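The values are calculated or read from the model by the stated rules, or taken from the named source; none is laboratory data. Since we're looking at a predicted model, the values are computed, not measured. Heads up, the Cβs are rebuilt from the backbone with ideal geometry, glycines too, and the neighbour counts pull from every protein chain shown. Note: accessible area is taken over every heavy atom of the protein model, side chains too, but ligands, DNA and RNA are not part of it. Shrake-Rupley method; radii C 1.70, N 1.55, O 1.52, S 1.80 Å.
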Amino acid sequence: MNLDTLRDKLGYQPLLLGVVALLASAALAVVSSATAPAIAAAEAKDLRDSLSDVLPAGLADNDFLKDTVDIDRDGKAVTVYRARRGGELQAVLFKVAERGYSGEIQVLMAVDMDGRTLGVRVLKHTETPGLGDKVELRKDDWVLDFNGKSLGDPAPEKWAVKKDNGVFDQFAGATITPRAVVKAVKGGLAFYAARKQDITAGSGS
Amino acid sequence: MNPVSLTAQTVASPHAHGGNSVSRTMFRVQLALAPATLYGFWLYGWPAFFLWALTILSCVGFEALSLKLAGVPRIKGTLLDGSAVLTGWLLAMTLPPWAPWWVAVLGGFIAIVIGKQVFGGLGQNVFNPAMVARVALLVSFPLPLTLWVLPLPMSALATPDFVGSLRIFLGSLPVPDAVTSATLLGHAKTELSRGVDLAAALHAGPGLSWIGMRAGSFGESAAILILCGGLYLLITRVISWHAPLGVLAGVAIPAAIAHGVDPGRFLSPEAHLLSGALMLGAFFIATDYVTSPNTTTGQLIFGLGVGLLTWVIRSFGAYPEGVAFAVLLMNAMTPVIDRFCKPRILGRDRKGKPIDIPENA
Amino acid sequence: MIAAILSLTVLGAVLGIALGVANKFLKVEGNPIVDELIALMPGSNCGQCGFPGCSGAAEAIVAGTAPPTCCPPGGKALVSAIAAKLGLSVDLSALGDDGPKIATVAEELCIGCCRCAKVCPTDAILGAAKQIHSVFREACTGCEACIEKCPTEALIMKPVPVTLQHWVMPKPRLA
Amino acid sequence: MGFMNLFKHFLGDDWGVHPDDRKRPAADRPLRVMPVPEKLYLPLQQHLGGPARPVVLVGQQVKKGELIAEAQGMISAPIHAPTSGTIVAVTDITAPHPSGLTLPAIILAADGRDEWIDCQGCADPFALDPVDIGKRVAAAGVVGLGGAAFPSAVKLTGAARSKVKTLVINGGECEPYLSCDDRQMRDRAAEIVDGIRIMLHATGAAEALVGIEDNKPEAIAAMQAAAAAVPEVQIRPVPARYPMGSEKQLVQVLTGKEVAAESRTFDIGIVVHNVGTALAVRAAIRDGRPLISRVLTINGNCTNDPGNIEVLVGTLAEEVIAFAGGLKGDGIGLARRVMGGPMMGMQIPHWRVPVVKGTSGILAFDAQEVAAQEPDPCIRCGSCVKACPMGLLPLEMSARIGNAAYDEAVGIGLKDCIACGCCAYVCPSKIPLVQYFVHAKGELAAQDRNKLRNEATKKLAQQRQERLDREARERAEAAAKRKAEREAAAAAKAAAEAAARQAAETEGESA
Amino acid sequence: MSDNNYGTIVKDGLWEQNVVFAQMLALCPTMAVTTSGTNGLGMGLASTAVLVVSNILVSIIRKTVSDQVRIPVFVVLIATLVTIVDLAMNAWVHELYKVLGLFIALIVVNCAILGRAEAYAVKNGVLASAADGLAMGIGFTGALTVIGLVREFLGSGTLFAQASQMLGPAFAFLEVQIPDYGGALLMILPPGGFAVLGFMLAGKRIIDQKLAARGEAAAAPATA
C-alpha cells in the first residue's frame, strides 16, 4: 500500500476524519465516565464547605446537603438546608439576594432556631472593587457584625446603616452596598420568622 | 533661524503666516482656565493649590522624561509649547480638591506617558490624556477619588493653615469627616438606589452651583466662571461653538424629556448642566483639538455624542458622573466621525464625483 | 454514549467527503499575480535584477526572494505599482538618491564597432559600422548592458540632468 | 468685515483667510515707469504650454515690438522684443523659479533708441470679426497677467466657440502686498473698460462682471465712473478675503454658480480674465502693440521705496529693485526673495532673474514677515480644514504625503488643491502644507512620466524582439532556400549526369 | 524548520519565538487570566500539557494525514485533549479548576496550539515536536506568569496569592502581601493587561536591540 498515492484519494478523507472522530469521542467517553464521580464529589464538597463556613463548628453532625426543603418565597423556591445534631434541628441555611450598587448581591445566611443569625457570607456580588467589596470576609470582617443579631435585637428601625440611624457601619465612599446587605439579612430573618413552621416541618433523613 | 539658512533651502509658498501658534493657543486656553482656578483656590484652600501645582509639575516632568527617552532633539521647545502644562492643569481641575500628592504624580504619569507619549506625542494620541488619567485614577482608586470636600466658605470647619494643608496633601493628616460631602450627582444616585424619590432627596436646587458652592472637583465648581472662560475662547476663535453646544444640548435635551416624564427618577436639565464636569467638559475637554473631529459638523456630532453618553451614564450607569467616560468613548469614535463628516470639495458632490454641469448654461 | 460516539464519527466522515470533493473541484492552478507583475515590468529583459528576464524577476518578487526595488529601469513608478499590487509597504524615499542614469557615447573613443547596438534591449543605440554611435536618450533605460561590450570604454553612464520640467519640489522635513 | 460676514464666520460658513493686506502705502504711490535697461533677458517660456521658438539670429538687429520667438503648438505665446537693439545670445539663464534651474532665453542688448516697429492698430475694433481679434491677441503674445500666464487668445477663442454668456473680470487682487491691478484700475479705468468691451465683442458674451475686493474703494470708484455709460460692464465689489481672486471662488461669489471639478468655467458659460489682461488686449487691438511690458508691485519690509512700476519684460529683478530705491541697508535682514504674491508667489534664489509676463510683484521680505519657523507636530486643530477654500482636508493629505502614500492623497482630493496657501497660512504648527502638496504633485507627475517611459521601453523591446525574430526567420529561410537551391542544383546536376550516363549507355547500347 | 537543534528549539520557545511576546498569539487567554501570578502559572501549565501532547500526536500522525482534512483532524485532536484536561482538572485539582475553569475551555481556541501543530509538529519528528511543545509551553507559562505577577503586584498589592491552593501548602511561602497598599484596580482590569503587555513588548524590543548591537560590536572586530 502506498500511502502517498492513497492520501489524495477521495475516499481516504472521510475514512481518516471518521477514524479520528471515533477515537476522539471514545477517548472522551472513557475520561468522562472515569471523572464523573470525582467531579460530583468535588462539587458537593464545595457546597458543603461554603455552608459549613457560616455554621459554628461542631453545630451539625448530619449531612445537611441531603436534608433540604424547598420553601416558596414571593413566588420563588428557596432551598433551605437544615443542620441537625443528634437528629435535633439546630439551624437552617438559605440564600437571600438584594440589589446592590451594581447588580444583585447574593448572601448565604445561617439562622438558629430562635431566629438569631449564626453567620452571614456574601457569595456573589459585582460591587465596585475597593469600595463595596468590603462585604467580603476576605477584605473586611464587617459581615461578622451580623452574628447573633435577630429581628428584635436590634430593634427593627435600627436594622440599618449608621447613616440611616441604624447600628451597622457603612464604608467610606459606599453606603449602598452595606445598606443592601443589611436589607437582605433583615429580609432573610423575616422570611424565617414567617415560614418557621414550613421550614422546620418535615423530618430530615 | 538665521536668514541665510532660510534662503538656502527651497521652500514653497506661502511666504507669510497668520501668526497663530501652538503655544499661543495653549496660552489662551490656560488664560481661560485661570478665573475658575483662582476661585477654586479660594474655595478649597491650600491643599487645592498644592494639588494643582504638583499635577502640572508632574505632567511637565514626565513629558520631559518621555521626550528624552524618545530621543527628541528639541526637548525645550516642545516643552514650552504648553501642551503638557495644559494637560496637567485640566487633570487637576477634575480631581477632588483635597486629593493626596500621589494622585497628582500618578495622574501626571498616566496622562503624559500612557495617554500621550505612548501614542507618539502631541497630535498622535487617540484619547484625551487628562481624561485617560482621570478615568484610570477613578477606576483604580475609587476611595480617594470620590472623597469630596465642601467648599471651605460653606463648611463648619476652620480653613486649614499652610502646614495643615501640606499635611493633608501629603496624606499624614486624614481629611476631617466634617468637611466631606457627596456631590449632587452622587447624592442623587445614592438616594435613588435606596428608593428615595428625587423630589424628596434634593432640598435645594442646583442654583448655588453657578458660583461653585457645592462639593465637587476642584476646577469644576463655578459654572459661571467656566462659562466665561469658554466664551473667551469662543470670541478669540480658539474653539468653535459646535462641540460645546453639542455637549450641552446632548445632555439638556434628553434630561428635559426624561425629567418631564418622571421628575422623581430623573434630574432636571439645570441640575445636569450645572453639575459635575459638564461645563468644563463642554468648553475645555470636548474641544481638545487632537482628539475631536476636524470639521465643524463632526464636532457638533462629537459634542452631541459626549452629551448624550454623559446623560446616559449619569442616569443609568454605575458611576454618578460620566463626562470623562463619555469623552473617551467619543474619542474612539473620532476617526469614524472624521471619515463620514468630510467637507464637500468645491465642484464635487458629497461622494467626490464632479457636480453636474447645468444643461442650459 | 454510544450515540454520541457514533454521531461524531459520522459527522467526521461526512465532513471528510465534503473536503475531499471541495479539494477536487476548487483547485487553483498557477499564480495569477506573477502574470500581472510581468505586465507591469519594463519587459526589456535587461538582466540588471540578476534574474533571467522580467518574468524571472516577477516570480522572485512574488515569492519574496527579491525586493520590489530590484528593477532599476522601472524606477519609483514600478516600485510603487508592485508594492500596491502585493500590498507591501516600501520606503520610496530611500530609492534613487542619485537619480536615473543613461548611457552616453564618448565620441572621441567610439570606433563604430556596433557591438553595443547589438545588445541594447531597446534599440536605443544608433549608428552604422565604422561610424560613431549615439544613444537615443528617450529610449535608453539605463540598463548598462552595453557598457561591458564596448571595447574602448566609450560608453559611460551619466545621470540624466534635471530640467525645469522634471524638477520636483523637495519634500518638507518631517516635523 | 460686515455684520453678515461676522455672523457667517461665527457659524463656520467661511472659507479662506483674512490676511493683513499690506497693500498701502505702495498702492497709493503714483505709478512709475522704469527706463529701458542695458540688457533684457527674455525666457522662451513665459507662459503655460509649449515654449516659443526663436526666429532671430545672434547679432541680428531688432526693433521694439518685433517678433523674436514664435508660438509653438496649440497653447503657446510668441515673444517680442521689448526695445530696439541687438540679439546678443540665445542661452540658458536662471529661471524665475524656486528650483534655481536654468531655462533657455534670448538676450537682447538695448541700443537706447527704443524704436518701435510699424504697429498696425485698428480704429474700430467692434467692426472686427471675433476670430480676427483672437488672432491679433495671439500674435501680440498676450497672456493672463494675473500670475498663471495662460495664453489669453486661447481663452478668448475658446470662449467664443463654447458660447460663453458671462465675462468675469478679475480685479480681486486678493494677494497681500500686491497693488498693481489696483493702481491700474485707478489710473487707467477708461482703458480697462474699453479693453473689457473688446473682450466682450471677442467672446460674444452678453455682460461683463468686474469683481473688485472692497478694500480698494478708490479703484471701485474709478471703475464705476468709467463704466457708468457702459451698461454691459458691471462693477461688483466683493468682500476682501483671500483667495477671492481664484477663478472658481470669484465666479461663485459673482454669479452664484459652482464650477464642477475637473472642468473649466467655459462649461458653465463663463470666462475669466484679469484686469491687466484687458489692458493688454486693448493695446494689442487698438494700437497693434504686443505685450512687452507690465506693471508690477515692488514691496516688502526690506524695500526702501515700495510702489508700482511699469517694467519691460526681461528686466532683471535686481535692476527693478535698484530703480525702486534699492533694499534697506543693501539687503541686510533680507530673509526671502519672492516673485509674485506672498501667498502663491515663488521664492527665487537670487535677484538676477528676469521679470516675465506673469510677474505681478517683486517682494523682499524680512524674517518677521516670513515668520519662518521649524514646524511643530500637527495638533489636528482643523484650522486648515476651515480655511481651505476648496473644502479639502489639508492635514490628512499632508500626513499621507509624509508617508509617501501619494495615491491616497489623490483619493482625498490632492488634485483639487489650488495651492492657494490658506492652510499653511493659518497652521499654528507652521507645517509647510503647500510644500507637501506641490511635492506630491511633482512626484505624481514624475511617476506618470516614468510609466509612459516604461511603456515606451516595453514597446521598443517588443519591436526589437520582433525584429530579431524576423531576422532569424529570414536568415533561416534564406539558409533553407540556399540549401534547397543547392540541393536542387545538385539534383539537377545528378539528373543531368544520370541522363548523360543513360544517354551514354543507350548510346553505348545503340553503338 | 526541520533541523532538530534542541538549543534552537529552547531558545525559540523561551525568547525568540515566544508565543506572547514575539508571535503575539493567544492574547485572549493572556488578557483574561493574568490577573494574578497564580492564575497565569496555572493557565500556562495547563496549556503546556495540551501543547506537548498535541504536538506529539500531530507529529505521530503527520504522515498519515492528508492535506485536505489536516486542519479538521488537528482541531478534533486539540479539542479532545482540552476537554480531557478540563474534566481531569475538575475531578482532581478542583481548587485550581474553580479559578481557571472558565478559561480552560479557551485553550481550544488558543491559536498557539494549532499554530505549533501547523508550523512545527507537522514537519518534524516526535521527539523534536515534544521538545518544541515543551519549550513553547514553558515560554508561554513564563510570559503569563510574569504579566500576571506585574498586574497582581500593581493591581492588588500581592504576589502569588492563593498559590498554595494550586500548588499545595508547601508553596505558601510564595505568597506575598504588600502592607498598606490596596492596589490600582485598573491593572487587574483588561486595560491594565494591555498596558502591561505593551510595556513588556517595548521592553523586549529594547533588550533585543541591545543584544543585536552587542552582537554587531562583537562581530565587528572579527571581520575587520
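A few points about this structure:
- An ellipsoid equivalent to region E:90-170, defined through the eigenvalues of its Cα gyration tensor, has semi-axes of 28, 16, 13 Å when rounded to whole angstrom and sorted largest first.
- Share of carbon and sulfur in the accessible area of region B:24-132 stands at 76%, probe radius 1.4 Å.
- Within the accessible area of chain D (1.4 Å probe), percent carbon and sulfur: 54 percent
- Chain B and chain D together bury an accessible surface of about 4900 square angstrom, both sides counted, with a 1.4 Å probe and no ligands or nucleic acids included.
- For region E:93-224, the equivalent ellipsoid derived from the Cα gyration tensor has semi-axes of 32, 25, 15 Å, listed largest first.
- Chain C: most fluctuating residue of C:153, C:144, C:59 per GNM, C-alpha cutoff 10 Å: C:153
- Taking every alpha-carbon pair under 8 Å whose residues sit at least 6 apart, chain C reaches a relative contact order of 17 percent.
- Semi-axis lengths (Å, descending) of the ellipsoid that matches the C-alpha gyration tensor of region D:310-440: 32, 17, 12
- 5 angstrom amide H check on residue B:218, placed H, neighbours 5+ away: B:95
- Summarised in one figure, the compactness ratio Rg/Rh of region A:1-136, Cα atoms and Kirkwood Rh, is 1.32.
- Computed label-point distance, nm, for sites residue A:38 and residue D:88 using a 7 Å Cα→Cβ extension: 10.6 nm
- Along the axis of the charge dipole computed for chain D (Cβ charges of +1 for Lys and Arg, -1 for Asp and Glu, origin at the Cα centre), the listed residues D:167, D:335, D:184 are led at the positive end by D:167.
- Of the GluC sites (Glu not before Pro) found in region D:182-264, the ones in coil according to DSSP and having at most 12 other Cβ atoms within 10 Å of their Cβ are D:262.
- Listed values for region D:339-346 are Karplus-derived 3J(HN,Hα) couplings in whole Hz (6.51 cos²θ - 1.76 cosθ + 1.60, θ = phi - 60°), namely 10, x, x, x, 7, 10, x, 10, and x replaces Gly and Pro.
- D_trans [Stokes-Einstein, Kirkwood Rh over alpha-carbon pairs] for the protein assembly as shown, 10 °C, 1.306 mPa s, µm² s⁻¹: 39 µm²/s
- For the residues of A:174-180, the average number of beta carbons from a partner chain within 10 Å of their own beta carbon is 3.
- Region D:376-473, Cα convex hull volume normalised per residue, Å³: 95 Å³
- For region D:1-138, the convex hull spanned by the alpha carbon atoms encloses 244 Å³ per residue.
- Hull shadow area, averaged, region C:128-169 [alpha-carbon convex hull, nm²]: 4.2 nm²
- Of all the options B:124, B:299, B:30, the one that moves most in a Gaussian network model of chain B with Cα springs shorter than 10 angstrom is B:124.
- Percentage of interatomic Cα-Cα distances in chain C larger than 31 Å: 41 percent
- A full extension of the chain between residue C:130 and residue C:55 corresponds to an added length of 23.4 nm, given 0.36 nm per residue minus the alpha carbon distance.
- Reach of residue C:76 by Cα under 26 Å, taken over lysines that are not fewer than 8 positions away in the same chain: C:85, C:101, C:158, C:171, D:415, D:441, D:451, D:458, D:459
- Mean projected area in nm² (Cα convex hull; one quarter of hull surface) for chain E: 14.9 nm²
- Note on region D:231-341: along the principal axes its Cα atoms extend 51, 36, 29 Å, ordered by decreasing extent.
- A P(r) calculated from all alpha carbon pairs of region D:426-485, with 10 Å bins opening at zero, reads 18, 20, 17, 14, 11, 9, 6, 4, 1 percent.
- Chain C: DSSP helices with Cα axial extent of at least 18 Å and average Kyte-Doolittle hydropathy no lower than 0.0: C:2-25
- FRET E, pair residue C:39, residue D:74, Förster distance 30 Å, beta-carbon r, rounded to 0.05: 0.35
- Derived scalar couplings between HN and Hα for region C:100-111 equal x, 10, 10, 7, 10, 9, 7, 5, 6, 9, 5, 10 Hz in order, rounded to whole Hz, by the Karplus curve 6.51 cos²θ - 1.76 cosθ + 1.60 (θ = phi - 60°), x for Gly and Pro.
- Cα pair distances exceeding 19 angstrom across region D:80-152, given as percent: 60 percent
- Residues considered: E:172, E:79, E:161. Largest GNM mean-square fluctuation over chain E, using C-alpha springs under 10 Å, is found at E:172.
- Percent accessible area from carbon and sulfur atoms, chain C, protein chains only, probe 1.4 Å: 60 percent
- The orientation-averaged projection of the convex hull spanning the C-alpha atoms of region C:101-159 amounts to 3.2 square nanometres.
- Note on residue B:57 and residue E:218: the model spin-label points, each 7 Å out from Cα along the C-beta direction, lie 4.6 nm apart.
- Here the sum of -39500 (n - 2.57) over DSSP H runs of 4 or more residues, divided by the residues of chain D, equals -12000 deg cm²/dmol at 222 nm, to the nearest 500.
- Calculated on the alpha-carbon coordinates, the convex hull of chain D measures out at 247 cubic angstrom per residue.
- Per residue of E:84-95, other chain Cβ atoms within 10 Å of the residue Cβ number 5 on average.
- Report summary: the helix-based calculation at 222 nm, which adds -39500 (n - 2.57) for every DSSP H run with n ≥ 4 and divides by the residues of chain A, gives -12000 deg cm²/dmol.
- In this simple spin-label model, placing a label point 7 Å from the Cα along the Cα-to-Cβ direction at both residue D:258 and residue E:60 gives a separation of 7.2 nm.
- Close amide H contacts of residue D:68 (hydrogens built in the peptide plane, cut-off under 5 Å, sequence separation of 5 or more or a different chain): D:79, D:80, D:81.
- FRET E, pair residue E:92, residue B:351, Förster distance 56 Å, beta-carbon r, rounded to 0.05: 0.30
- For chain A, the per residue solvent-accessible surface stands at 49 Å², with DNA, RNA and ligands left out and a 1.4 Å probe.
- Taken over the alpha carbons of region D:298-370 as equal point scatterers, the Debye sum produces base-10 log I(q)/I(0) values at 0.11, 0.24 Å⁻¹ of -0.21, -1.11.
- Across all C-alpha atoms in region B:22-340, the radius of gyration and Dmax reach 18.8, 61 Å.
- Computed from phi, the 3J(HN,Hα) profile of region A:92-98 under the Karplus parametrisation 6.51, -1.76, 1.60 (θ = phi - 60°) reads 10, 10, 7, 9, 10, 9, 8 Hz, with x in place of Gly and Pro.
- Radius ratio Rg over Rh of region A:68-200, counting only Cα atoms, Kirkwood formula for Rh: 0.97
- Backbone N within region D:327-347 under 18 Å of label point (7 Å from residue C:164 Cα along the Cβ vector): D:338-341, D:345-347
- If you plug the beta carbon distance of residue B:27 and residue B:211 into 1/(1 + (r/R0)^6) with R0 = 30 Å, you get a FRET efficiency near 0.65.
- The angle separating the long axis of helix A:12-54 from the principal Cα axis of greatest extent in chain A is about 20 degrees.
- Within the same chain, lysines fewer than 8 places from residue D:23 are excluded, and of the rest, those with a Cα less than 21 Å from its Cα are D:216, D:328.
- Buried accessible area, chains C and D (both chains, 1.4 Å probe, Å² to nearest 100): 3000 Å²
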